[in-house]
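Here the structure is laid out as structure tokens; the discussion comes afterwards.
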Amino acid sequence: MSLHRIPQRGLAPPRRLELASRPRAFALARSPTLTLRSYATSPARSPTTVRRNAIVAGVLLTASAALYYYENRWITSGHPLGVDAGREFSISIRHSSGPKEYFFKRKSDAEVERILTEHESGDSPRAHAQAGADAHAHRVVRWDSNWVASNEPCEDRWRVDNIARTGGRDLFLSTILDGHAGSATSELLRTTLHPTLAVALAGLEAGIVPDNARGWARWAGWLNPLKWVGQTAWTPENVAKTLQQAFLQLDANIVVTPIARLDDVTPENREEFVALTRAADAGACAITALVDAAHGALYVASTGDCRAVAGWQAPDGSWRCDVLTADQMGENPGEVERMKREHPGEEDTVIVNGRVQGGLQPTRAFGDAIYKWTREQGLAIAEIFKAEGLRPRVPRPNHNTPPYVTARPEVTYRSLDGGPGGEKLRFVVMATDGLWDRITSEEATLLVASYLKHRTADPISRTNLAAVVPLSTAGPDAHPYPTEPAPDSAERVAHPPWAFEGDANAATHLIRNSLAGAAADKRAELLSVHGKVARWLRDDVTTTVLFFD
């Protein structure tokens, strides 16, 4: 079986990934050839050229030693000294040592608009459908994506792939990646996660069912005659298991590969080893949406604190916000309880101040191997990094029973064939926490729902938008963590009004509104700051919006 990636205008020609050596059982039952129409974040340029092994072949990595957490800071004020382009304004940041003033020059409106729109992307999968194809071969009728950096360079990545089945209905994959401690992990996942998932799903369609059972339970399952007769492998439960195992297997490859080579490191190959280890040393949260047109199904697999929100519309025109994922972080009570159960005797140290061992905020992530390796392994690799003149991440105190972080995703399933009361799924918003730090799930739903009606309008107050777009959050599940204030609450209406400035890209519309809404001067200030101050004020933000038929 081979996966063909079709290069698109404006993107570097992707490599052809040959999987012909895999057993025939891994071929999709209806299609031995999958065609991937791929779109993704453009890769960053690497400052050095070193040999990579197969795990990191072709991946351009950066050498960042930045930590995912930073000291507590309070933003006290922004004092504009002039609103014209090139005029100075100041931002006062209160550090633990006291307040400090930082001065910047305001960018022009044209430059601000360029920053907001230069990374836009989007397409309609149906535009590439074969003549006479099933009208439901593509349940995603359009997608929009965009990103705006805070870190230099941006640590977020994204990818969209349409997996065509010959003579059948397609699979559609969309992933958002939020890197931390550098972009090495997110960059590697940008090129490897979707092919890994495609092969795993091909195996499931061929009848290879993932099995999480152990011991006698596993043998009992194999001896059960129902396992071998009249059973279909492709069920929501098995798709969820397949996604989970693919995430875990890919992360295991990332984390274990450096350990396998640790004893062979010499001064001559140390640079290569460090390059190999980058993706394990850094980390990334990931969220993947799988749209299965053949079975009318949506699956969302989430590892970390990215988030997906669905907008459902009822026959009477009202909307429902369906939060599909929970933020998996050290402040989530469910994650705290899970961590304590998995590390008995370490209840007081496994989560400290809302962070894993007092360090990492997300409780699930790819990479972040310093929380997965043993103390001895982590210290040995740290010495190699030091010998190369780099600042390593080191094991945290009370590092006794790793792993403390997992890449295992929680998977949410929704039917595309109608919700309660005849609702229709109209869109799904996927984004890194750079968006969710600034707008709520319900606000994102309101913004996209109103965007579908009018892209251009005068600024509208938060109270008015919540009043004119009927919205509920009731759904099949309780609101996942975190609990958020209502869009018309006093806490939220104090913010600037919403902007409707004619954006052709729905992701840009959301990012624009996350950056001070219709307050254009404040938005310009937020996009004029740079360096560490930019990171203190806002995070990298990457957003993809999927629209459904």
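The values are calculated or read from the model by the stated rules, or taken from the named source; none is laboratory data. Here the structure is a predicted model, which means the values were calculated and not measured. Cβ coordinates were reconstructed from backbone atoms using ideal geometry, including for glycine residues, and neighbour counts include every protein chain displayed. Note: areas computed on protein heavy atoms with side chains; ligands, DNA, RNA excluded. Shrake-Rupley method; radii C 1.70, N 1.55, O 1.52, S 1.80 Å.
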query = Which condition does D488 not pass, out of (1) under 22 Å from T325 (Cβ atoms); (2) in contact with a helix residue (DSSP H, G or I) (Cβ under 8 Å, 6 or more places away or on another chain); (3) at pLDDT below 95, if it passes all the others?
reply = (1)
query = Here are some residues: D322, D316. Which one is of a type outside the set (V, I, T) and part of a loop (DSSP other than H, G, I, E, B)?
reply = D316
Options A164, A137: the member that is at pLDDT below 90, more than 27 Å from E501 (Cα to Cα) and open to solvent by less than 10 Å² (accessible area, probe 1.4 Å) = A137
ask   = With respect to R157, is the statement that it is surrounded by 24 or more Cβ atoms within 10 Å (Cβ to Cβ), touching a Leu at 6+ places or on another chain (Cβ under 9 Å) and charged (D, E, K, R) true?
value = yes
request  = Among the residues of segment 437-460, write down those that are over 23 Å from the mean Cα position of the chain (by Cα) and either at pLDDT below 95 or open to solvent by 20 Å² or more (accessible area, probe 1.4 Å) (or both).
outcome  = L452, K453, H454, R455, T456, A457, D458, P459, I460
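Is it fair to say V411 is open to solvent by less than 70 Å² (accessible area, probe 1.4 Å), farther than 20 Å from R320 by Cα and under 21 Å from the mean Cα position of the chain (by Cα)?
Against the criterion (open to solvent by less than 70 Å² (accessible area, probe 1.4 Å), farther than 20 Å from R320 by Cα and under 21 Å from the mean Cα position of the chain (by Cα)), V411 qualifies.
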remark   = Filtering segment 187-197 down to residues that are open to solvent by less than 10 Å² (accessible area, probe 1.4 Å), within 19 Å of T544 (Cβ to Cβ) and in contact with a helix residue (DSSP H, G or I) (Cβ under 9 Å, 6 or more places away or on another chain) yields E187, L189, L193, L197
task = Would you check if there is a residue in segment 467-478 being farther than 26 Å from S124 by Cβ, assigned to a helix (DSSP H, G or I) and in contact with a Pro (Cβ under 7 Å, 6 or more places away or on another chain)?
result = no
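Quick check, is E423 open to solvent by 10 Å² or more (accessible area, probe 1.4 Å), in contact with a strand residue (DSSP E or B) (Cβ under 8 Å, 6 or more places away or on another chain) and either at pLDDT below 95 or over 15 Å from D327 (Cβ atoms) (or both)?
It is true that E423 is open to solvent by 10 Å² or more (accessible area, probe 1.4 Å), in contact with a strand residue (DSSP E or B) (Cβ under 8 Å, 6 or more places away or on another chain) and either at pLDDT below 95 or over 15 Å from D327 (Cβ atoms) (or both).
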ask   = Is at least one residue of segment 524-532 assigned to a loop (DSSP other than H, G, I, E, B), open to solvent by less than 50 Å² (accessible area, probe 1.4 Å) and in contact (Cβ under 8 Å) with a residue 40 or more places away in the chain?
value = yes
Top-ranked residue of segment 104-134 - restricted to ones that are open to solvent by 70 Å² or more (accessible area, probe 1.4 Å) and among the small types (G, A, S), ranked as modelled with the highest pLDDT = A110
task = Could you grab me the full set of residues in segment 461-483 that are modelled with pLDDT of 90 or more and open to solvent by less than 40 Å² (accessible area, probe 1.4 Å)?
result = R462, L465, V469, P480, P482
request  = Report the residue count in segment 309-332 for those that are within 30 Å of N400 (Cα to Cα) and in contact with a helix residue (DSSP H, G or I) (Cβ under 8 Å, 6 or more places away or on another chain).
outcome  = 5
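Residues checked against (1) touching a helix residue (DSSP H, G or I) at 6+ places or on another chain (Cβ under 8 Å); (2) in a loop (DSSP other than H, G, I, E, B); (3) touching a residue at least 60 places away in the same chain (Cβ under 8 Å); (4) open to solvent by 20 Å² or more (accessible area, probe 1.4 Å):
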site: L298; (1), (2), (3), (4): no, no, yes, no
site: G334; (1), (2), (3), (4): no, no, yes, yes
site: G345; (1), (2), (3), (4): no, yes, no, yes
site: T349; (1), (2), (3), (4): no, yes, no, yes
ask   = How about segment 351-369: which of its residues are in a loop (DSSP other than H, G, I, E, B) and out of contact with any Gly (no Cβ under 7 Å at 6 or more places or on another chain)?
value = N353, Q357, G358, G359
inquiry  = So V428 ticks every box in (1) part of a strand (DSSP E or B); (2) touching a residue at least 60 places away in the same chain (Cβ under 8 Å); (3) in contact with a helix residue (DSSP H, G or I) (Cβ under 9 Å, 6 or more places away or on another chain) but one. Which box is left unticked?
reply    = (3)
ask   = Within segment 149-195, restricting attention to residues that are more than 14 Å from the chain's Cα centre (by Cα) and assigned to a strand (DSSP E or B), which residue is farthest from G311 (Cα to Cα)?
value = A164
ask   = Is it fair to say G434 is within 28 Å of E155 (Cα to Cα) and either part of a helix (DSSP H, G or I) or open to solvent by less than 10 Å² (accessible area, probe 1.4 Å) (or both)?
value = yes
request  = Test A365 against the stated conditions and say whether it is under 27 Å from T432 (Cβ atoms) and either open to solvent by 30 Å² or more (accessible area, probe 1.4 Å) or of a type outside the set (V, I, T) (or both).
outcome  = yes
key: Hits in segment 491-507 - residues which are modelled with pLDDT under 95 and assigned to a helix (DSSP H, G or I)   = E491, R492, V493
